[in-house]
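The values are calculated or read from the model by the stated rules, or taken from the named source; none is laboratory data. Nothing here was measured: the structure is a model prediction, and the numbers come from that model. Positions of Cβ are backbone-derived with ideal geometry, glycine not excepted, and every protein chain shown enters the neighbour counts. To get the accessible areas, we keep the full protein, side chains included, count just its heavy atoms, and leave off ligands, DNA and RNA. Shrake-Rupley method; radii C 1.70, N 1.55, O 1.52, S 1.80 Å.
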Amino acid sequence: MTYRAPISDMLLALNHGAGLQAAVRAGHYGDFDADITTAILEEAGKFATDVLAPLNRIGDQNGIKLKDGKVTTAPGWPDAYRRWTEAGWNAVSGPEAFGGQGLPLAINAACTEIWSASNIAFGLCPLLTLSAIEALDAHGSDELKRVYLGKLVSGEWTGTMQLTEPQAGSDVGALRTRAERAADGSYRITGSKTFITYGDHDMTDNIVHFVLARLPDAPAGTKGISLFLIPKFMVNADGSLGARNDIHPSGVEHKLGMHASPTCTMTMGDHGGAIGYLIGEENQGMRCMFTMMNQARLGVGLEGVGIADRAYQQALGFAQERRQGRAIGKQGDGSDPIIVHPDVKRMLMQMRALTAAARTICYATAVALDVATRATDAKVRTEAAARGALLTPIAKAFSTDIGSEVAYLGVQIHGGMGFIEETGAAQHYRDARITAIYEGTNGIQAIDLVTRKLGAQGGASVFALIDELSAIVKQVEVSNDPAFGSTGAKLRDALSALDRTSRWLLERLASSPNEALAGATPYLRLFGATLGGCMLASEALAVRKEGGDAQRYVALARFFAETMSVQAPSLEKTVTDGAESVIGADAVLLG
Ligand SMILES: Cc1cc2nc3c(=O)[nH]c(=O)nc-3n(C[C@H](O)[C@H](O)[C@H](O)COP(=O)(O)OP(=O)(O)OC[C@H]3O[C@@H](n4cnc5c(N)ncnc54)[C@H](O)[C@@H]3O)c2cc1C
C-alpha cells in the first residue's frame, strides 16, 4: 500500500498545536511567507508518493552490498537520490549564503516526516547531511565552508556523523580514534568507527565525514574530543576531486531493519592516516557535535512520527477491507470489515492519536528552535532556546517509542498477515525499532530530560510550560462542549501529576540522584502523555474557533486524554513509589 501525506493534519499541527502561526504573527519568523507552506508540503507529498514510497520495499528486499571496498545501494536508489537533489529537497532549510532555501526548520520538520513515512532508510541519509550542514555552518572555518558547504547543501555530496566505536557508544568520552597534527595545519586520523550510517554508498561522487577523535595530549573523557572533517576524496584547488583519502568501509552490518541504509565499519589509517581538517577548536568537539546531535535528535523523532503514520495508514486500509465476524447486533449471513469491532477501533484510534500527539510535539520543538535563532528580541530567543532544549529529548524519545508501538499495533491489526512480509506491516515494525536506539538511546534522552533540562534553573522551563498547558485546559473547561467528554478533567489531573513528579524529581536530584534516574523513563512518558494531550486539545479548540468541522479533532483529543493522558497519575506513582524498588533491584538481578 502506498503512502499519502496527511497534509491537512500536518498543517493543523504545525500552525496551531506547534504554534507556527502565532510565532509568524508575532514577527518571530521575519519575512517568511507562511502561505507557501501548503504548496511545499503538497509537492513533498507528491515526490514521496511517486518516487520514494515505491522504493521502500525494494530497498528492504535488496539491501546494500559491500564489494571491493565499495558499497552499492539497492536498485533505483542512486536515481531517486539524483531526482531528490535536482528537485531541491536537500536544500530546504540550508543556509541561503550557500545555495539553500533558508526555510524554517519547522517546514523542514514536516518534510522530514514525509520522507521518513515514505522511505525511512532513504530519508536517513539527508537527515544526517542536514546535521553535518548545521555543524559546519556553525563551527567551520570560512575555507572549509567555501569548499564543502555548498555541495552538502545541494546534496551533491552527503555527510556522515561518526561518534561510535565498539567501546564507546552511549559513553562517547571513551573513544580512542587518534588525530595527529600535521605540518601543513591538517591532521592525520587513525582508528575505527562502527555503525556508521551511509559511511559509504554509490549515490554521490564524494562523502564528507564528520569524525570525533582525540589528540595525543588531549584531556581524558569528553573534554578531550575534537571534531574533524574528512573527505572521502580530497578536493583540488579548482573544486575537482583528487586522491582517495585513507578512510574506507571495512564491513557492513546485517540488521533487523533499515536494510537499505548502509551501516558501516569505517577504518582510517591503513595507509598513513586519513587527512582531516579541524572543525571549531581542538578539544571542543563535543560542543560542535551537540549542534549536529540536537538537529539529528529531532530528525529521528520525526522518523518515529513518519513510520507511525505509514503503519497507521496501512492498518486503516486493511481494517476497511478485511472481513471477519459480524458487528454486535447485526444479523444474517456474511461478515463485516474488522473496523466495526471495538477492539480494532481501539487499536486504530490509539495509532492515530499517538501519531498526532508525537507529530505536534516534534513540530513544536522545531518552532522553538526556529524562534531561538530567528526572533529579534533577545529575551524571546533565550526563552525559545530553553523550550527547544526541553522538548528535544521528549520529541526524540516519545516519538520513537510510539513509532514502535504504533507499528506493533499495525502488525496486530493485520492478524497473521502482519507477520508475513508481503503486506509490508512487518517492515515498518522492523524499521521502527532502531529509532529508539540511535542518536542517543531513549534511556539517555530521559536522563538528559531529568538532569539537564528539568535540573536547569530549578525546573523553570518545565514549570513555564505547565502554566501554558494549563491555559489550554482552561479553554477546554470553559468551552462546555459535551463532545470533549472528560478531556478537561483528565488533562487537569495529568498536569497536576506532571507538576508533582517534576518537584519530586528535583528534590531527589539533590538528595538521591539514583532515585531520580530510576524514574527518568516513566517521567519522560508522563511528560509526553500530558503534553501530547494538551496539544491535541489546543488543535481541536483552534478548529472550533475557526468554525471548521471540529468533530473529529475533538474526538481525537478526547480519546487521547481519556485513554493516554489518564496514565499520567499512575506513571507518577511509578516514578515516586517505584524508585526504591529499582534501586533495590540488585537483590533480584545479582542475587
Ligand atoms: C543501524 C544503526 C545506525 C547507527 N548510525 C550511527 C551513526 O551514523 N554514527 C554513529 O556515531 N553511531 C551510529 N550508531 C550507533 C548508535 O548511536 C549507538 O548504538 C547508540 O548510541 C547506543 O550505543 P551502544 O550501541 O554502544 O549501546 P550502549 O551504550 O552499550 O547501551 C546499552 C544499553 O545501556 C544503556 N546505557 C548505557 N549507558 C547508560 C547510562 N549511563 N545510564 C543509563 N543507561 C545506560 C543504554 O540506554 C542501552 O539501553 C548506529 C547504530 C545502529 C544500530
- request: Quick one: which residues, 5 or more positions from I196 or on another chain, have an amide H under 5 Å from its amide H? H modelled 1.01 Å from N in the peptide plane, none for Pro or chain starts.
  value: C264, T265, M266
field: In sequence order, calculated HN-Hα J values of region 177-185 (Karplus, 6.51, -1.76, 1.60; Hz; x Gly/Pro)
entry: 3, 10, 10, 10, 6, 9, 4, 7, x
task: Could you sort 423-436, 492-505, 294-307, 226-239 so that the peptide with the highest average Cβ count within 10 Å comes first and the rest follow in order?
output: 294-307, 423-436, 492-505, 226-239
Theoretical gain in end-to-end length, E422 to Q324 [0.36 nm per residue, Cα-Cα removed]: 33.2 nm
message: Output wanted: per-residue J couplings in Hz (rounded whole) for region 346-359, from phi through Karplus 6.51 cos²θ - 1.76 cosθ + 1.60, θ = phi - 60°, x for Gly and Pro.
response: 4, 5, 5, 5, 4, 4, 5, 5, 5, 5, 4, 5, 5, 4
statement: In whole Hz, the Karplus estimates of ³J(HN,Hα) for region 487-495 (6.51, -1.76, 1.60; θ = phi - 60°; x where Gly or Pro) are 3, x, 5, 5, 5, 4, 4, 5, 5
query: How would you classify region 55-185 from its alpha-carbon gyration tensor, with a ≥ b ≥ c the square roots of the eigenvalues: rounded for a/c under 1.5, else prolate if a/b is greater than b/c, otherwise oblate?
result: oblate
Solvent-accessible surface ranking, highest first, for D171, D448 at 1.4 angstrom: D171, D448
- line: Expressed in square angstrom to the nearest 10, the accessible area of K379 with a 1.4 Å probe stands at 130
Surface per residue (accessible, 1.4 Å probe) for the chain, Å²: 40
field: Ordering of 535-543, 343-351 by packing [mean C-beta count within 10 Å, highest first]
entry: 535-543, 343-351
message: Sort R452, R359, R82 by heavy-atom solvent-accessible area, probe 1.4 angstrom, most to least.
response: R452, R82, R359
task: Please tell me the relative contact order of the chain in percent, rounded to the nearest whole number, where contacts are Cα pairs under 8 Å and at least six residues apart.
output: 13
query: Once amide H atoms are built 1.01 Å from N in the peptide plane, which residues 5 or more positions from H209, or in another chain, come under 5 Å H to H?
result: T160, I230, K232
Solvent-accessible surface (1.4 angstrom probe) belonging to E421, in square angstrom, nearest 10: 80
field: Protection proxy ranking, peptides 72-81, 154-163, average beta carbon neighbours within 10 Å, highest first
entry: 154-163, 72-81
message: Contact order normalised by length for region 147-213, with contacts defined as Cα pairs under 8 Å and 6 or more residues apart; what percent is it?
response: 43
statement: Length gained, N236-K379, 0.36 nm per residue minus C-alpha separation, equals 47.0 nm
query: From the cross-link list K65/K151; K145/K193; K379/K490; K490/K545; K70/K151; K345/K545, which pairs have alpha carbons spaced over 31 Å apart?
result: K379/K490
task: Please calculate the 1.4 Å probe accessible area of H248, with all protein chains present, and give it to the nearest 10 Å².
output: 60
Fraction of accessible area attributable to carbon and sulfur, region 379-477 (%, probe 1.4 Å): 60
Order of exposure, largest accessible area first, which applies to I339, I437, I279 with probe 1.4 Å: I437, I339, I279
field: Point-to-point label distance, I58-E282, nm (Cα→Cβ direction, 7 Å offset)
entry: 4.9
